[in-house]
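Structure, as structure tokens:
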Amino acid sequence: MSARLTRRFEALARAGRAGLVTFVTAGDPDYETGLEIVRALPQAGADVIELGMPFTDPMADGPAIQEAGCRALDAGMTLARVLDLAAAFRAGDADTPVVLMGYINPILAMGLETFTARAAAAGVDGLIVVDMPPEEDAPLRRAASAQGLHLIRLATPTTDDDRLVRVLDGASGFLYYVSVAGVTGSKSAAGADIDAAVARLRRQTDLPIAVGFGIRTAEQAGAVARSADAAVVGSAIVNVVKAHLGRPDLVDAVSRFVADLSAGVRAARKEHS
């Protein structure tokens, strides 16, 4: 398996802090600007980059990421260009893990073996395919494993202990805990609920636990970072892109926002130690 994700979470554990996982839609608002944004994320404080693969029917995503996908598709993004963008990023950054997040249809259209081989060649480290339940992802898991790609699974507030066993069987990289029942960018979970959920998950797995959905501010990210191994922020970053469309400071605005999120995450455990 790709060692970058493992190394990154091990380094975070040694540093005694959680990580920041930043989601952006590949090619939003266009390929060139999207690549600039992704290249700026590590310097701004992102520990892991989650790169959205634009899709026409993003059923797990709220309005912000749906709109970002539409902007990217309108600008000519395809799955092949997502992989090109990942490769262009990797050419200048050998260390920051990159995880692709999206839906199974475009992957099937390209072909599982072709997609996973090209993703690995582009320097991708893992995959999150949100509409592939564990009962159906064996072919994808085999293809990903053959290329050293982690297949990251999701758990939710409705995932009971019996279901969690199935979710964890074959999972790798980290476990993504979706903290609210709903789509991305929806309501935020209470800190106590997240703490309790993370504690329950830790009793079942040694995988790092990343918590996402509904995290909009540095304070919310910091609250998650006190118990989880990483906080995932997506819609809030995508909204910064939208707010600065057509402006020369778009990339700088995203960087400033991510730096604020990172500061919140990095300070979280110091404030409560």
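Computed from the coordinates by the stated procedures, all read-outs in this text should not be read as laboratory data. Since the model is a prediction, treat every value here as computed from it, not as a measurement. Methodologically, a virtual Cβ is constructed for each residue, glycine included, from the backbone with ideal geometry; neighbour enumeration extends over all protein chains shown.
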Practice task
Mind running the shape call on segment 104-163? Use the C-alpha gyration tensor, a ≥ b ≥ c as the square roots of the eigenvalues: rounded below 1.5 for a/c, prolate if a/b tops b/c, oblate otherwise.
Solution key: prolate
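Determine the relative contact order of the chain: mean sequence separation of Cα pairs under 8 Å and six or more apart, normalised by residue count, in whole percent. All intermediate terms of the calculation are to be shown ahead of the outcome.
Working: 528 pairs, mean separation 63.7, N = 273.
For the chain, the relative contact order is 23 percent.
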Problem - Peptides ranked, highest mean first, by Cβ atoms within 10 Å: ranges 108-117, 233-242 - result: 233-242, 108-117
Completion exercise
Using alpha carbon centers only, segment 128-181 is separated from segment 225-272 by a whole-angstrom value of 26
Exercise for the section: Note down the net charge around I107, summing +1 for each Lys or Arg and -1 for each Asp or Glu among other residues with Cβ under 12 Å from its Cβ. Expected result: -2
Exercise for the section: Would you mind ranking H244, H150 by Cβ crowding within 10 Å, fewest neighbours first? Expected result: H244, H150
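Order of F55, F174 from fewest to most other C-beta atoms within 10 Å? Each step should come with its number before you reach the end.
On the way: F55 22, F174 29.
The fewest-first ordering by Cβ neighbours comes to F55, F174.
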